[in-house]
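The values are calculated or read from the model by the stated rules, or taken from the named source; none is laboratory data. Because the structure is predicted, anything quoted here is derived from the model rather than measured. Counting neighbours? That spans all protein chains shown, and the Cβs are built from the backbone with ideal geometry, glycine included. Just the protein is used for accessible areas: all its heavy atoms, side chains included, with ligands, DNA and RNA removed. Shrake-Rupley method; radii C 1.70, N 1.55, O 1.52, S 1.80 Å.
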Amino acid sequence: MKSNLADERVIHRLKPKQTIFIFAPEADVVFVGGVGTLKTSSLIKRGMVLSQESPKNLGVIVRKNFVDLRDSTVRDFELETGIQVSKDTKEANLNNGSVIMFRHGDELP
């Protein structure tokens, strides 16, 4: 029996550094940390905040390796948001017309 993604959604309490990163008013912010410091989770939350605040926003999340993008980032995005990423377009469409694209480094100019 396949489980419902919404039932598996990951819930985390934000740590102070995550809150600063997610809600930073600056356009260019960096969140650096070791394995398991919720960097990807924080990036997903920041992307969602920016896309929800700006209807018809076009955002992009990039990973160097396609396998990491597919097996980690896209999977985490779907679990945390409950929004499916299209396998064909590699895009997530939000209700306000915003789109978050998922790309790997080889797809960039």
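Side notes on the structure shown:
- The conditions of being touching a residue at least 40 places away in the same chain (Cβ under 8 Å) and under 13 Å from the mean Cα position of the chain (by Cα) are not met by Ser42.
- Filtered by the rule that a residue be open to solvent by 40 Å² or more (accessible area, probe 1.4 Å) and in contact (Cβ under 8 Å) with a residue 40 or more places away in the chain, the range 77-96 gives Gln84, Asn96.
- Condition met for Glu26 (open to solvent by less than 60 Å² (accessible area, probe 1.4 Å), among the acidic types (Asp, Glu) and either at pLDDT below 95 or out of contact with any Lys or Arg (no Cβ under 9 Å at 6 or more places or on another chain) (or both)): no
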